[in-house]
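Here's the structure, in structure tokens; my notes come after.
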Amino acid sequence: MKLLLFSDIHSDTRACEILVEMAEDVDVVICAGDVGNIRRGLDQPIRILSQITQPCLLVPGNSESYEELAEACGNWPQAIVLHGSGITLKGQAFYGIGGGIPITPFGSWSYDFSEEQASRLLHNCPHDAVLISHSPPKGAVDISSRGVSLGSTTIRHTILAKSPKLVVCGHIHDSSGRHEFIGQTPVVNAGPRGMFWEIDQKE
């Protein structure tokens, strides 16, 4: 199964146009959040991305809520917004969690969750899924420009317990375009330029 992964486009319409072109030859598109900017600017990027005809799985970032993203995608039939929920496509399980985890210092506009809240949202994540999380796990693709590890301990624990086939995240821009491993699980901080990734399709 060929995937197109991206995150953190922050209303960049040119990035969206390029992603639409990249999506032509993949099976599933995955967006790990932050489509808009500070709870605004969703409509135009979603209008462009809605030209994607393959299934597109999205989670909200901390720049948009689940409700805002779901509403913006209302006229895009191929879009499936996940948050504390999952879906199976072509035999492969996918599970999503959005928002900033742990709670960010950005204030009331940021769509954030505590580690305890994240633990509840991730409780039903199946084993061997593709986990889509806006926030990275602690200790992988989570290093800020100041050299600080900003990832989520709950997401890391979930990876160790559930052994996802792949983790797709974003949020920490300074680590975008990189991947690392936690155990046998690759963790990809996708970034706005888009990345292709192939996984073995589950029988």
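The values are calculated or read from the model by the stated rules, or taken from the named source; none is laboratory data. Just so you know, these numbers come straight off a predicted model, no measurement behind them. As a convention, Cβ positions derive from the backbone with ideal geometry for all residues, glycine included, and neighbour counts pool all protein chains shown.
Which condition from (1) touching a residue at least 24 places away in the same chain (Cβ under 8 Å); (2) part of a loop (DSSP other than H, G, I, E, B); (3) not aromatic (Phe, Trp, Tyr) is the one that residue 44 breaks?
Unmet for residue 44, out of (1) touching a residue at least 24 places away in the same chain (Cβ under 8 Å); (2) part of a loop (DSSP other than H, G, I, E, B); (3) not aromatic (Phe, Trp, Tyr): (2).
Scan region 68-93 and report the pairs whose first residue is under 23 Å from residue 112 (Cα atoms) and whose second residue is surrounded by fewer than 16 Cβ atoms within 10 Å (Cβ to Cβ) and aliphatic (A, V, I, L, M), with Cβ atoms within less than 8 Å and a gap of 6+ or a chain change.
The qualifying pairs are 80/87.
I need a count of the residues in region 20-58 that are small (Gly, Ala, Ser) and under 14 Å from residue 77 (Cα atoms). Talk me through it step by step, then tell me what you get.
We begin by selecting, within region 20-58, every residue small (Gly, Ala, Ser); these are 23, 32-33, 36, 41, 50.
With the extra rule that they be under 14 Å from residue 77 (Cα atoms), the set shrinks to 50.
The number of residues fulfilling the criteria is 1.
Test each condition in (1) free of Cβ contacts under 8 Å to residues at least 40 places away in the same chain; (2) under 26 Å from residue 174 (Cβ atoms); (3) among the hydrophobic types (A, V, I, L, M, F, W, C) for residue 57 and report the one that comes out false.
Of the numbered conditions (1) free of Cβ contacts under 8 Å to residues at least 40 places away in the same chain; (2) under 26 Å from residue 174 (Cβ atoms); (3) among the hydrophobic types (A, V, I, L, M, F, W, C), the odd one out for residue 57 is (1).
May I ask you to say which residue of 141, 130 is touching an Asp or Glu at 6+ places or on another chain (Cβ under 9 Å), among the hydrophobic types (A, V, I, L, M, F, W, C) and at pLDDT 95 or above?
Numbers: 130 fails: touching an Asp or Glu at 6+ places or on another chain (Cβ under 9 Å).
Going through 141, 130 in turn, just one is touching an Asp or Glu at 6+ places or on another chain (Cβ under 9 Å), among the hydrophobic types (A, V, I, L, M, F, W, C) and at pLDDT 95 or above: 141.
Before we move on, is residue 196 part of a strand (DSSP E or B) and either surrounded by fewer than 17 Cβ atoms within 10 Å (Cβ to Cβ) or free of Cβ contacts under 8 Å to residues at least 12 places away in the same chain (or both)?
Spelling it out, residue 196 is indeed part of a strand (DSSP E or B) and either surrounded by fewer than 17 Cβ atoms within 10 Å (Cβ to Cβ) or free of Cβ contacts under 8 Å to residues at least 12 places away in the same chain (or both).
Just to verify a result, which residue in region 27-41, among those that are at negative phi and among the hydrophobic types (A, V, I, L, M, F, W, C), is surrounded by the fewest Cβ atoms within 10 Å (Cβ to Cβ)? It would help to see each step written out before you state the result.
Start the filter on region 27-41 by keeping residues that are at negative phi, which leaves 27-32, 35-37, 40.
Now drop any that are not among the hydrophobic types (A, V, I, L, M, F, W, C), which leaves 28-32, 35.
On the way: 28: 22, 29: 24, 30: 26, 31: 34, 32: 31, 35: 31.
Residue satisfying both the conditions and the ranking: 28.
I'm trying to understand the selection: among the residues of region 76-90, which are at pLDDT 95 or above and over 12 Å from residue 122 (Cβ atoms)?
Of all residues in region 76-90, those at pLDDT 95 or above come to 76-89.
Hits for region 76-90 are 76, 77, 78, 79, 80, 81, 87, 88, 89.
For region 1-27: of the residues being among the acidic types (Asp, Glu) and under 22 Å from residue 187 (Cβ atoms), which is nearest to the chain's Cα centre (by Cα)?
Initially, region 1-27 is screened for residues among the acidic types (Asp, Glu), giving 8, 12, 17, 21, 24-25, 27.
From what's left, under 22 Å from residue 187 (Cβ atoms): 8, 27.
Details: 8: 9, 27: 17 Å.
Checking each candidate, the answer is 8.
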